Amino acid sequence: MRDVTPIADRLAMTRAAFANLEGIEVSTVELDRGGDTYTVDTLIALQEARPDDEHWLIVGSDVARHLDTWHRPDVVRSLTRMVVYERPGSVGARPSASWPFELVDLPLIDVSSTDIRDRVRRGEPIDGLVPPSVADIVRRRGLYREVAA
């Protein structure tokens, strides 16, 4: 099992990735709550904090086919608009018929966060796979490098 990247680093990378996108806000509601968290808890908190906002949940097709197994899926379904994007290895996978969703047409990029961490560990570039601001954080903070045993 791999070590989990410290939350401060993950938050910094997320903020860097979305910093220049108008209308996107990085929320810390899950961090502020602490403990175990479920998507439904986050959606309820967001709805309570911003009841007039429309909340969208974006998931890959690899996740979409498992939505019915989530904690309180009926509440998740009622609080958000579902958006699905295709992921390599799960093209064509969709939520069950009870989940209305919009399919986003994006180019298929066969890369995952595991691939990116492995590239960094091997000393390979991640340019073009993550925003430059994220690559800079990974480099400056020495993330994902091999740890001497």
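The values are calculated or read from the model by the stated rules, or taken from the named source; none is laboratory data. Note that the coordinates shown come from a computational prediction; the quantities given were computed from them, not determined experimentally. Here Cβ is always computed from backbone atoms with ideal geometry, including for glycine, and neighbour counts include all displayed protein chains.
The rows are residues; the columns are (1) at pLDDT 95 or above; (2) over 28 Å from residue 106 (Cα atoms); (3) buried (at least 16 other Cβ atoms within 10 Å of the Cβ); (4) among the hydroxyl-bearing types (Ser, Thr, Tyr).
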| position | (1), (2), (3), (4) |
| --- | --- |
| 4 | no, yes, no, no |
| 7 | no, yes, no, no |
| 17 | yes, no, yes, no |
| 22 | no, no, no, no |
| 27 | no, no, no, yes |
| 53 | no, no, no, no |
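Scanning segment 103-129 for residues that are of a type in the set (Asp, Glu) and over 18 Å from the mean Cα position of the chain (by Cα), which turns out surrounded by the fewest Cβ atoms within 10 Å (Cβ to Cβ)?
127
Considering segment 55-84 alone, what residues qualify as being surrounded by fewer than 13 Cβ atoms within 10 Å (Cβ to Cβ) and under 14 Å from the mean Cα position of the chain (by Cα)?
56
Mind checking which residues of segment 130-144 are out of contact with any Ser or Thr (no Cβ under 7 Å at 6 or more places or on another chain), surrounded by 14 or more Cβ atoms within 10 Å (Cβ to Cβ) and not in a helix (DSSP H, G or I)? Can you show your working first?
Going through segment 130-144, the residues out of contact with any Ser or Thr (no Cβ under 7 Å at 6 or more places or on another chain) turn out to be 130-142, 144.
This time we only want the ones that are surrounded by 14 or more Cβ atoms within 10 Å (Cβ to Cβ), so: 130-131, 133-135, 137-138, 141, 144.
If the condition is that a residue be out of contact with any Ser or Thr (no Cβ under 7 Å at 6 or more places or on another chain), surrounded by 14 or more Cβ atoms within 10 Å (Cβ to Cβ) and not in a helix (DSSP H, G or I), then 130, 131, 144 are the ones that fit.
If you check residue 13 against the conditions, is it surrounded by 14 or more Cβ atoms within 10 Å (Cβ to Cβ), closer than 30 Å to residue 142 by Cβ and either of a type outside the set (D, E, K, R) or touching a helix residue (DSSP H, G or I) at 6+ places or on another chain (Cβ under 8 Å) (or both)?
yes
Quick one: which of 121, 87 is in contact with a helix residue (DSSP H, G or I) (Cβ under 8 Å, 6 or more places away or on another chain) and either charged (D, E, K, R) or within 21 Å of residue 11 (Cα to Cα) (or both)?
Within the list 121, 87, the selection yields 87.
Which of the residues belonging to segment 38-64 are outside any helix (DSSP H, G or I) and either over 23 Å from residue 85 (Cβ atoms) or in contact (Cβ under 8 Å) with a residue 40 or more places away in the chain (or both)?
Hits for segment 38-64 are 50, 51, 52, 58.
Could you tell me which numbered condition residue 120 fails, if it satisfies all but one of (1) in a helix (DSSP H, G or I); (2) within 29 Å of residue 46 (Cβ to Cβ); (3) in contact with a Phe, Trp or Tyr (Cβ under 9 Å, 6 or more places away or on another chain)?
(2)
So how many residues does segment 85-102 have that are outside any loop (DSSP other than H, G, I, E, B) and either in contact (Cβ under 8 Å) with a residue 60 or more places away in the chain or surrounded by 13 or more Cβ atoms within 10 Å (Cβ to Cβ) (or both)?
Qualifying residue count for the region: 2.
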